[in-house]
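For reference, the structure discussed in these notes is given below.
The values are calculated or read from the model by the stated rules, or taken from the named source; none is laboratory data. Source: prediction; values computed, not measured. Cβ coordinates were reconstructed from backbone atoms using ideal geometry, including for glycine residues, and neighbour counts include every protein chain displayed. Accessible surface is based on the protein model in full, side chains and every heavy atom, while ligands, DNA and RNA are left aside. Shrake-Rupley method; radii C 1.70, N 1.55, O 1.52, S 1.80 Å.
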Amino acid sequence: MPAKGWIEVNDLYCKGCELCISACPPKVLELDNEKLTSKGYHPSHIFKDGCTGCAICALVCPDAAITVYREVTKAPASAAAGGD
Amino acid sequence: MAATIVNPENLVYSRPKGFTDMPSHYCPGCTHGTAQRLVAEVLEEMNILDKSIGVAPVGCAVFAYNYIDIDFVEAAHGRAPAMATGIKRVLPDRVVFSYQGDGDLASIGMAETVHAAARGENITIIFINNAIYGMTGGQMAPTTLPGMKTTSSPNGRDVETQGYPIRVSEMLATLDGAGYIVRRSLHDPKNIRLAKKAIRLAFETQVHGLGFSMVELLSTCSTGWGMTPVESLAWLEEHMIPAFPLGDYKIASSVAALKI
């Protein structure tokens, strides 16, 4: 099972340039058309499951807007006991 | 899902400490931001944020002094290598670098750049090459490709009257004073990682006193080129890399022997 990840996009910095969207290996990012930042951009966000926490979005982000988290891999026994 | 993953022990990446809190003024997708982030990350990793001095140029690159959280000075147009020379000679224990665009470094500042390299000044230059003048409105630069349309070459650069682009890394690599001269690109994740390694080695060259170091970074100017940020990266890969081949142009044997 691939690692579970999550990203947070800081609306203060994100300018909706879409570089993270095109670089994302599992293609789980899109612009959030429901939201506008204070600069007037639609920020990027995760729209479906599948983020692995690879941090490639953060690597290509010109505005350092992305914080990346990845679940620490546990031993197989405890992984089975984990929730959703 | 997010609630369980978002906690400090799962943190993989966050905004570098070497960056200020200020949002950048750059256009969406501008690789200046990427380059400055790499510089900030390298200075943080080398633990030299508090003894680094940046020299800002003229052009879009100038606002690096607002974003990289270290001491900065601002040079007259093109004079950043001369100013960096003076600072490094007076304060030899500091890490001194200039961060310059192609209009600044390869046009008005060409003399300062070449002579700083020829003297083997122990400074580092981060050179952003996007083949255009960005801040002033997308005019032709010394690095503009033949046939490339800019606001001052609306029919494309005509080499008969406007000459050919200058390959700065190749030129500086012929000088004995240069210790580390390489060209990298910022168009995809792999090349961004390679660029970061090169920036690290350039600063290590300076810290170890091994002479002049420069990293040329191929970059985009989506506004000046009239493309989306994603299209710009593809254009860079397709047109700029053949004209400005990536590679190591000069690595002095003393630099090659460095173990990081």
- Query: Do you know the relative contact order of chain B, to the nearest whole percent, from alpha carbon pairs under 8 angstrom that are 6+ apart?
  - Reply: 18
- Quick one: pull the percent of accessible area on chain B belonging to carbon and sulfur, 1.4 Å probe, ligands and nucleic acids left out. 55
- Task: At 0.36 nm per residue, minus the direct Cα-Cα distance, what do residue B:159 and residue B:77 gain on full extension? Give it in nm, one decimal, please.
- Result: 26.9 nm
- Round to the nearest 0.05 the FRET efficiency obtained for residue A:52 and residue B:194 when R0 = 30 Å and r is the Cβ-Cβ distance. 0.85
- Note on the structure: Of the convex hull drawn through the C-alpha atoms of the protein assembly as shown, the volume per residue in Å³ is 142
- Whole-percent carbon and sulfur contribution to the accessible surface of the range A:5-72 (1.4 Å, no ligands, DNA or RNA) stands at 49
- Query: Rounded if a/c is under 1.5, else prolate if a/b is larger than b/c, else oblate: which is chain B, with a ≥ b ≥ c the root eigenvalues of its Cα gyration tensor?
  - Reply: oblate
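What are the DSSP H helices in chain B that stretch 30 Å or more along their long axis, judged by alpha-carbon atoms, and whose average Kyte-Doolittle hydropathy comes to at least 0.0?
The answer is none, since no helix passes both cut-offs.
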- Could you give the accessible area per residue of chain B, probe 1.4 Å, as a whole number in Å²? 40
- Message: Apply the a/c threshold of 1.5 to the C-alpha gyration tensor of the range B:9-152 and tell me whether it is rounded, prolate or oblate.
- Response: oblate
- Item | Residues residue A:38 and residue B:110, FRET efficiency given R0 of 35 Å [Cβ-Cβ distance, rounded to 0.05] | 0.30
- Contact order relative to length of chain A, as percent, for alpha carbon pairs under 8 angstrom and 6 or more apart: 39
- Item | Computed label-point distance, nm, for sites residue B:149 and residue B:208 using a 7 Å Cα→Cβ extension | 4.8
- Item | Amide H partners (placed H, <5 Å) of residue B:138, local residues excluded | B:133
- Message: If I stretch the segment between residue B:238 and residue B:46 completely, what's the gain in nm (0.36 nm per residue apart, minus their alpha carbon distance), one decimal?
- Response: 65.7 nm
- Item | Surface accessible to a 1.4 Å probe, residue B:164 within the full protein complex, Å² | 150
- Task: Find how much the distance from residue B:119 to residue B:6 grows on full extension, using 0.36 nm per residue of separation minus their present alpha carbon separation; answer in nm with one decimal.
- Result: 35.6 nm
- Sorted by chain and number, the residues with a modelled amide H under 5 Å from that of residue B:125, at a separation of 5 or more or across chains, are B:98, B:213, B:214, B:215
- Taking only protein heavy atoms into account and a 1.4 Å probe, give the accessible area per residue of the range A:5-72 in Å². 43
- Expressed as a rounded percentage, what relative contact order does the range A:1-45 have, with Cα pairs under 8 Å and six or more residues apart? 42
- Item | Eligible lysines near residue B:197 by straight Cα distance, threshold 30 Å, same-chain separation 8 or greater | A:4, A:15, A:27, B:17, B:51, B:88, B:250, B:259
- Considering only DSSP beta bridges whose two residues both sit in the range B:2-256, what percent are antiparallel, to the nearest 5? 20
